[in-house]
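Colleague: Below: one structure in structure tokens.
No value in this document is a laboratory result; all are computed from the given coordinates. All figures in this text were calculated on a predicted structure; none of them were measured in a lab. So basically every Cβ, Gly included, is an ideal-geometry build from the backbone, and we count neighbours across all protein chains shown.
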Amino acid sequence: MKKIFFLVFGIILLSISVFFAILYLNFFSFGYNMPKYVYFISSRFECLLFFLGILFVFFSLKKKGK
């Protein structure tokens, strides 16, 4: 049950962070270039949740070794 919770929580974090990364693609129309965009994305908290979501999903899918 705990693994399912961590899996769902990780997927939710991943989807939120990808949603905001796609939403921030509109900055290219305001004159942002790729380095500025990557810097902006790396400084936003909601986009950094991507890495936390990856960790939750990875550890929930990891099988115990013998």
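Colleague: Got a sec? How would SER43, SER15, SER60 order by Cβ neighbour count within 10 Å, fewest to most? Display every interim value, and only then the final one.
Modeller: On the way: SER43 9, SER15 13, SER60 17.
Ordered by Cβ neighbours within 10 Å, fewest first: SER43, SER15, SER60.
Colleague: May I pose another question? Hey, can you grab everything whose amide H is under 5 Å from the amide H of TYR32? Only 5+ residues off in sequence or another chain; H modelled, so Pro and N-termini drop out.
Modeller: Amide H to amide H, under 5 Å and 5 or more residues apart or across chains, TYR32 pairs with nothing.
Colleague: Which order results if LYS36, LYS2 are arranged by neighbouring Cβ count within 10 Å, fewest first? Walk me through the numbers before you get to the answer.
Modeller: Details: LYS36 12, LYS2 7.
Lowest count first: LYS2, LYS36.
Colleague: Go ahead and estimate [θ] at 222 nm for the chain from helices alone: -39,500 (n - 2.57) per DSSP H run with n ≥ 4, summed, over the residue count, rounded to 500. Could the numbers behind the result be given before it?
Modeller: Numbers: 3 runs with 49 residues, N = 66.
About -24500 deg cm²/dmol.
Colleague: Hey, another quick one. Report relative contact order for the chain in percent, whole number only (criteria: Cα-Cα under 8 Å, sequence separation at least 6). Present the calculation step by step, with values, prior to reporting the outcome.
Modeller: On the way: 52 pairs, mean separation 36.2, N = 66.
Taking the mean separation of contacting Cα pairs over the length of the chain, I get 55 percent.
Colleague: Output ³J(HN,Hα) for region 37-53: one whole-Hz value per residue in order, computed from phi by the Karplus curve 6.51 cos²θ - 1.76 cosθ + 1.60 with θ = phi - 60°, and x for Gly and Pro.
Modeller: Going residue by residue, I get 5, 5, 5, 5, 5, 6, 9, 8, 5, 5, 7, 6, 5, 4, 5, 5, x Hz, with x marking Gly and Pro.
Colleague: Work out from phi, with θ = phi - 60° and the Karplus expression 6.51 cos²θ - 1.76 cosθ + 1.60, the ³J(HN,Hα) of each residue of region 10-25, listed in order in whole Hz, and give x for Gly and Pro.
Modeller: With coefficients 6.51, -1.76 and 1.60, one gets x, 5, 5, 4, 4, 5, 5, 5, 5, 4, 5, 5, 5, 4, 6, 5 Hz.
Colleague: Would you kindly compute the Cα radius of gyration of the chain and its largest Cα-Cα separation (Dmax), both in Å?
Modeller: Over the chain's Cα set, Rg and Dmax evaluate to 15.1, 55 Å.
Colleague: Work out the FRET efficiency for PHE58 and ILE22 from their Cβ-Cβ distance, taking R0 = 22 Å, and round it to the nearest 0.05. Could you put the intermediate results ahead of the total?
Modeller: Details: r = 23 Å, r/R0 = 1.03.
Efficiency computed from Cβ-Cβ geometry: 0.45.
Colleague: Still on this model: Do you know the Lys pair count in the chain for C-alpha distances under 28 Å, with sequence separation 8 or more or different chains? The partial results should precede the final answer.
Modeller: Working: LYS2/LYS62; LYS2/LYS63; LYS2/LYS64; LYS2/LYS66; LYS3/LYS62; LYS3/LYS63; LYS3/LYS64; LYS3/LYS66.
Lysine pair count for the chain: 8.
Colleague: Moving to a separate point now. Could you identify which residue out of SER17, SER42, SER29 has the top mean-square fluctuation in a GNM of the chain using Cα springs shorter than 10 Å?
Modeller: The residue with the greatest mean-square fluctuation here is SER29.
Colleague: Something else about it: Taking only Cα atoms and a 10 Å spring cutoff, compute GNM fluctuations for the chain and point out the largest among LEU13, LEU23, LEU49.
Modeller: LEU23
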